Amino acid sequence: MVVSPEAVSCSNCSVRRLCLPAGPSRADIDLLEDVTRRKRIVRSGEMLYSAGDSFQNLFAIHSGSFKCVVTAADGDIQVTHFALPGELLGLDAYSRRRHNSYSEVLEDSSVCLLPFVQLERLAQQVPALQQQIYSLFSGELRQENELLMLLGKRSSDTRLVAFLINISSRCALRKYSPNQFVLSMPRIDIANYLGLTTETISRLFSRLRREQLIRVDGRSVQILDIVGLSEIAGTQCSYENSP
């Protein structure tokens, strides 16, 4: 049976470990559900939030995917992040209390709204939740560092392969298949994110396919040789033959 986003509670949500501290009591879950009662369905192409919006909520992605984009003073745009199910959006606005980027929906998606003021108050009642919030901020910083390392790599093929491995590992972390996934973002966004051209992205996908490292069908990607990809990216794969 498919459960609609409106019917999902914290206790049976597939991304509950994102929001809940380890080993929460039933009472703690009830308190959190009082904060996260607001669910929102957003359609492809809509904005979850815009640059300049005041910081009010964190958004826990229940399904779908998003891109975060920063617009420079000269009008140039830079894709800074792709967010997947089980991840949070909105942490970038915490320090200045305003979003400096906008988040666009890449496909029909659903999110849980976490009002941050209420979340902070709840953290005072549930100490483990406060630790979880700190962990979320730490994860955000780690992702930023990973982006800098990704863009700092010299060769274009290394950038794309590192991107695919990153998506694969994030899928594995959330118990999805790390070997087969759909890239909901268009190639023009991938190119912008990696600092490459769309022509280069297409050429690199073709090369990886010819070398039988991946199989591509539209936006669907199947990883055939994770070890081979890891060698190109200069990383050590953390799993092999994952389901």
Single match in Arg96, Arg142 (criterion: over 12 Å from Phe59 (Cβ atoms) and in a loop (DSSP other than H, G, I, E, B)): Arg96
In the range 86-137, which residues are over 18 Å from the mean Cα position of the chain (by Cα) and among the polar types (S, T, N, Q)? Ser95, Gln118, Gln124, Gln125, Gln130, Gln131
Scanning the range 65-78 residue by residue, the ones that are without any contact (Cβ under 8 Å) to a residue 60 or more places away in the chain, closer than 14 Å to Ser44 by Cα and not in a strand (DSSP E or B) total 0
I'd like to check something: does the range 152-161 contain any residue that is of a type in the set (Val, Ile, Thr), surrounded by 19 or more Cβ atoms within 10 Å (Cβ to Cβ) and over 15 Å from Leu229 (Cα atoms)? no
Could you check, for the range 74-94, whether at least one of its residues is surrounded by 15 or more Cβ atoms within 10 Å (Cβ to Cβ), more than 21 Å from Leu136 (Cα to Cα), among the small types (Gly, Ala, Ser) and at pLDDT 90 or above? no
Filter the range 177-193 for residues that are among the hydroxyl-bearing types (Ser, Thr, Tyr) and buried (at least 18 other Cβ atoms within 10 Å of the Cβ); which is farthest from Gly218 (Cα to Cα)? Tyr193
Has the range 147-155 got at least one residue that is under 23 Å from Ser65 (Cα atoms), at pLDDT below 90 and touching a Pro at 6+ places or on another chain (Cβ under 7 Å)? no
Taking the range 209-241 and keeping residues modelled with pLDDT under 95 and of a type in the set (Val, Ile, Thr) leaves Ile226, Val227, Ile232, Thr235
Residues of the range 159-190 being more than 17 Å from the chain's Cα centre (by Cα) and free of Cβ contacts under 8 Å to residues at least 12 places away in the same chain, in sequence order, are Ile188
Consider only pairs whose beta carbons are under 7 Å apart and that are at least six residues apart or on different chains; among these, list those whose first residue lies in the range 113-134 and is closer than 20 Å to Arg40 by Cβ and whose second residue is among the basic types (Lys, Arg). Leu113/Arg38; Leu113/Arg40
Could you tell me which of the residues Ala51, Ala60 is assigned to a loop (DSSP other than H, G, I, E, B), within 24 Å of Pro186 (Cα to Cα) and either outside the structural domain of Leu196 (by TED's automatic domain parsing) or at pLDDT 85 or above (or both)? Ala51
Considering the range 195-220 alone, what residues qualify as being part of a helix (DSSP H, G or I) and of a type in the set (Asp, Glu)? Glu199
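The values are calculated or read from the model by the stated rules, or taken from the named source; none is laboratory data. All of these numbers come straight from a predicted model, not from anything done at the bench. Positions of Cβ are backbone-derived with ideal geometry, glycine not excepted, and every protein chain shown enters the neighbour counts.
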